[in-house]
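Asker: Sharing a structure here in structure tokens format.
The values are calculated or read from the model by the stated rules, or taken from the named source; none is laboratory data. It should be emphasised that the depicted structure is a prediction, and the values quoted were computed from it without experimental measurement. In this analysis, Cβ positions are derived from the backbone assuming ideal geometry, glycine residues included, and neighbour counts consider all displayed protein chains. Ligands, DNA and RNA are excluded from the accessible area calculation, which covers all protein heavy atoms including side chains. Shrake-Rupley method; radii C 1.70, N 1.55, O 1.52, S 1.80 Å.
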Amino acid sequence: MSISIKDIARLAGVTVGTVSRALNDYSDISEKTKKAILKIVAETGYTPNVSARTLSSKRQTNIALLLSGIAEEKNRDSNVLSLLVGAYKFMNDSDRLIATYPINSRLQQRKTIEQLCAEYSLSGVIIFGLKNTDLYYKNIQSSQIPCVVVDFEIQGARQGSVITNDEQAFADITEYVINQNHRRLILVYGRDASEVTHRRYTGFCAALKKNNLDPATVPVIYTDFQEQVAYDETCSLLREKGRDAGTVFVCMSDYCAFGVLRAIHDCGFSVPEDFSVTGFDGTEFSRFISPQLTTIDQNFVKKGFVAAQLLCTILEKETVPQRIRTVDYTFRKGESVRYLAI
């Protein structure tokens, strides 16, 4: 026989409302009463109805992580998993739950962000993977839905952002290869509809100009952040120009770098003996390939944690200082860049 909340109230000698308030950790009932109720709950094995608790408690909120385009991407990006781990870690530490929903451009055309949140009873959302051509990208800043977006900046009373200083990070890794005496760089470009691509390109150009190099003379491989495209385009370049193509591939993501590494190997060359390669992101895979990839670690676990923390703060407080939060990155020196003796 299943135990109901009415049974718990009868056994404890209190009202159903008192049981509900004890389960939702309200402060207006005594610790003695609360402990007595929780003891009976443990002894009877009663399991509260989560939906009913959510509806009846002002303290409860439904939060979701919306992953844009994840089903369409050909890369199976470990960054998404790291982001999830960070968000779940904060929510678990705070004794909360978070759901995960994939979204895409078609869904964004069918449902506004307000309609989506109403359908799933969501109090707030974290969004990752938006392109600047997406509908939610355009209307989220005027929305009243509490929202934290990862990797691009938004301004709004109920919105926040968690970002990396992509411009400085990409300038750092570009300057590193220049300091290794590489002057003939090849840029492996990301996705034009992505804000991080433009920020990284700005950093790339700043590092070149600082070292008296002209960005207009740098060959560019366009990849849309796809490993296979990076592979195909690098093969074409190497078959046409061989070692005359340049000395180092500076990639806007680790996955692009993986495609470049495969292409260099399949075209009969070696890393870093013939060509050097850098990545960007700090994916787990970059630690295990040989040679180990020199890259920028964005710390996606921390990004997920900070995004969940910021969203909960927005939900709980009228005013939230520092709505744009920058997570520190780490330069991770691997073995994929060779020092060129002059």
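Asker: Need one number: % antiparallel among DSSP beta bridges in the chain, to the nearest 5.
Answerer: On the way: 3 of 37 bridges.
Roughly 10 percent of the DSSP beta bridges within the chain come out antiparallel.
Asker: Right, here's the next one. Based on the alpha carbon coordinates of the range 109-176, what radius of gyration and maximum Cα-Cα distance (Dmax) apply, in Å?
Answerer: 14.5, 49
Asker: Okay, next question. Please find the FRET efficiency linking ASP172 to GLN292, where r is the Cβ-Cβ separation and R0 is fixed at 22 Å, and quote it to the nearest 0.05.
Answerer: On the way: r = 18 Å, r/R0 = 0.82.
It comes out at approximately 0.75.
Asker: I'd like the FRET efficiency for ARG110 and SER4, computed as 1/(1 + (r/R0)^6) with the beta carbon distance as r and R0 of 51 Å, rounded to 0.05.
Answerer: On the way: r = 39 Å, r/R0 = 0.77.
After rounding, the FRET efficiency stands at 0.80.
Asker: Largest first and to the nearest Å, give the Cα extent of the range 129-270 along each principal axis.
Answerer: 55, 32, 21
Asker: Between THR313 and ASP266, what is the FRET efficiency for a Förster distance of 51 Å, r being their Cβ-Cβ separation, to the nearest 0.05?
Answerer: Working: r = 49 Å, r/R0 = 0.96.
In this case the efficiency is close to 0.55.
Asker: At a probe size of 1.4 Å, how large is the accessible area of PHE331, to the nearest 10 Å²?
Answerer: Around 80 Å² of this residue is reachable by solvent.
Asker: Still on this structure: How long, wide and thick is the range 159-243, going by the Cα atoms along their three principal axes, in whole angstroms, largest first?
Answerer: That works out to 48, 31, 20 Å along the principal axes.
Asker: Next up: Report the extension gain between ALA118 and SER142 in nm, rounded to one decimal, defined as 0.36 nm multiplied by the number of residues separating them, less their alpha carbon distance. Mind dumping the intermediate values first?
Answerer: Details: separation 24, 0.36 × 24 = 8.64 nm, distance 1.68 nm.
Gain on stretching ALA118 to SER142: 7.0 nm.
Asker: Largest first, how would VAL327, VAL14 line up by accessible area (1.4 Å probe)? Walk me through the numbers before you get to the answer.
Answerer: Working: VAL327 5, VAL14 40 Å².
The residues order as VAL14, VAL327, largest area first.
Asker: Quick test of your reading: applying the under-4.7 Å Cβ rule, which cysteines of the chain are isolated?
Answerer: CYS117, CYS147, CYS205, CYS235, CYS267, CYS312
Asker: Can you spot the lysines whose alpha carbon is less than 23 Å from LYS35's alpha carbon? Ignore those fewer than 8 places along the same chain.
Answerer: Within the straight-line limit of under 23 Å, LYS35 reaches these lysines: LYS6, LYS58.
Asker: Of the listed pairs LYS241/LYS333; LYS34/LYS89; LYS39/LYS89; LYS34/LYS317; LYS89/LYS303; LYS111/LYS131, which have alpha-carbon separations greater than 21 Å here? Please list the in-between numbers first.
Answerer: On the way: LYS241/LYS333 28 Å; LYS34/LYS89 27 Å; LYS39/LYS89 28 Å; LYS34/LYS317 27 Å; LYS89/LYS303 11 Å; LYS111/LYS131 17 Å.
Check vs 21 Å cut-off fails for LYS241/LYS333; LYS34/LYS89; LYS39/LYS89; LYS34/LYS317.
Asker: For the residue pair GLU153 and ARG325, what label-to-label distance in nm results when each label sits 7 Å from Cα along the Cα-to-beta-carbon direction?
Answerer: Result: 1.8 nm between the two label points.
Asker: Just order 81-92, 204-215 by mean Cβ neighbour count inside 10 Å, highest at the front, would you?
Answerer: Working: 81-92: 19.2, 204-215: 15.9.
Listed from highest to lowest mean packing, they are 81-92, 204-215.
Asker: State the label only: which of (i) 25.2, 86; (ii) 19.7, 57; (iii) 32.2, 98 corresponds to Rg and Dmax of the Cα atoms in Å computed from the shown model?
Answerer: Read-out from the structure maps to (i).
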